Structure formats: structure tokens, C-alpha cells
Amino acid sequence: MADAERPVCGWCGTAAPPEALPLTWVTSVENGRKRVYCDRCAREHVRAIEGKLDSAWW
């Protein structure tokens, strides 16, 4: 996976490892756009993610 293609956490900006997106990262669709969140941010905001709140409200 090239650096330009590496997913980045939509909240904190952490880049995913070059091999593949870790299983602990969360994928979400907001307003038709795919977003990914690192495990740390996903744990911190799990209630908002499960409640399908727009990330602007986190």
C-alpha cells in the first residue's frame, strides 16, 4: 500500500500501518463518505459511532 493510499484516522490523523488496515480500526460512512477511525479514537467515541451521530457532534 503506497503512502498516498494509506488510510488516516478521521479524528486524530494517525496513519494506518503500511501492510493493511488493522482489524481494530473502525470503518464508518458519514454523509456518503467512508471514514476510518483508529482503535484509540474508536474506543473513546464508541457510543457516538454506534448511535450513528455525525462526527461533528463528538
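Values in this text are rule-based calculations from the coordinates and carry no lab data. Remember, predicted model here, so these are calculated numbers, not experimental data. Counting neighbours? That spans all protein chains shown, and the Cβs are built from the backbone with ideal geometry, glycine included.
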In nanometres, the difference between 0.36 nm per residue of separation and the alpha-carbon distance of Ala20 and Leu53 is 9.2 nm
Of Glu30, Glu19, Glu44, the most mobile residue in a GNM of the chain (C-alpha springs, cutoff 10 Å) is Glu19
Checked against the positive end of the charge dipole of the stretch 3-57 (+1 on Cβ of Lys and Arg, -1 on Cβ of Asp and Glu, about the Cα centre), the farthest of Thr14, Gly51, Thr27 is Gly51
For Rg and Dmax of the Cα atoms in Å the list reads (i) 28.5, 85; (ii) 11.3, 33; (iii) 14.2, 49; the calculated value is entry (ii)
With +1 at each Lys and Arg Cβ and -1 at each Asp and Glu Cβ, the charge dipole magnitude of the chain around its Cα centre, to the nearest 20 debye, comes out at 160
